[in-house]
Amino acid sequence: MTTRVIRVLLIIVGVLAIANGVALIWDFSRSDQVSIVLWLALGLIAHDAILAPVALGVAWLVRRVLPPDWWKPVLLALAYTNILLLLALPVILPRPAGQYPDNPTVLDRNYGLGLMVAIIAVWVGVFAVMVLPRRLGRSRPQA
């Protein structure tokens, strides 16, 4: 397949996914529709006003402080850490008392510990890729 055919197929799939989302939202009540649109708009604003500038600032700082070989792995690990934190927020943030009294299976484990283990695994992976091959006398994989 040529890249043009693949692009056209991806565009068609994307347009169909958007149409499906709009059709699903269309069946909601007016207040739910407003809530969904507001949530999506605030998410975009938060990304553009807070997350993107912070990410650019951190990337600038990493490039000023670390040697060039470390830029890509550290920035990648920071991006993974950011994604893990954002995905974990709904279960990490405190909830009002009694919100899930009848269902003990919702939040049935220590999600904070799981988040910490996942973040540590990401950073240990960066350390392993960057430091261990040098200690063993081999060249590290190119990013």
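The values are calculated or read from the model by the stated rules, or taken from the named source; none is laboratory data. Treat the numbers as computed from the prediction; the structure is a model and nothing was measured. Counting neighbours? That spans all protein chains shown, and the Cβs are built from the backbone with ideal geometry, glycine included. Each accessible area value is taken on the protein alone, full model and side chains, heavy atoms only, with ligands, DNA and RNA left out. Shrake-Rupley method; radii C 1.70, N 1.55, O 1.52, S 1.80 Å.
What does the convex hull of the Cα atoms come to per residue for the chain, in Å³?
Considering the Cα atoms of the chain, their hull volume per residue is 228 Å³.
By how many degrees, between 0 and 90 and to the nearest 10, does the Cα long axis of helix 68-92 differ from the longest principal axis of the chain?
30 degrees
How much area per residue is accessible in segment 34-98 when the probe is 1.4 Å and only protein heavy atoms are counted (Å²)?
Per residue, segment 34-98 has an accessible area of 76 Å².
Please give the direction-averaged projected area of the C-alpha convex hull for segment 27-83, in square nanometres with one decimal.
Dividing the Cα hull surface by four gives the mean projection, 4.9 nm².
So what are the ³J(HN,Hα) numbers for segment 119-133, from phi and the Karplus equation (6.51, -1.76, 1.60; θ = phi - 60°), rounded to whole Hz, Gly and Pro as x?
Those phi angles translate into 5, 4, 4, 4, 6, 5, x, 4, 4, 5, 5, 8, 9, 4, x Hz.
Can you show me the helix-derived [θ] at 222 nm for the chain, built from DSSP H runs with n ≥ 4 at -39,500 (n - 2.57) apiece and divided by the number of residues, rounded to the nearest 500.
It lands at -24500 deg cm²/dmol.
Each residue of segment 47-61 in order: what ³J(HN,Hα) in whole Hz does its phi give by Karplus 6.51 cos²θ - 1.76 cosθ + 1.60, θ = phi - 60°, with x for Gly and Pro?
Computed from phi, the couplings for segment 47-61 are 5, 6, 8, 10, 5, 5, x, 5, 4, 5, x, 5, 4, 4, 5 Hz.
Which FRET efficiency value, to the nearest 0.05, is calculated for residue 16 and residue 135 with the Förster distance at 35 angstrom and r the Cβ-Cβ distance?
With a Förster radius of 35 Å, E is 0.10.
Show me, for segment 12-25, the HN-Hα J-couplings you get by feeding each phi into the Karplus relation (A = 6.51, B = -1.76, C = 1.60, θ = phi - 60°), rounded to Hz, glycine and proline as x.
Result, rounded to whole Hz: 4, 4, x, 5, 5, 5, 5, 4, 5, x, 5, 5, 5, 5.
Along the charge dipole of the chain, Cβ charges K/R +1 and D/E -1, which of 17, 120, 31 sits furthest on the positive end?
Checked the options; the winner is 120.
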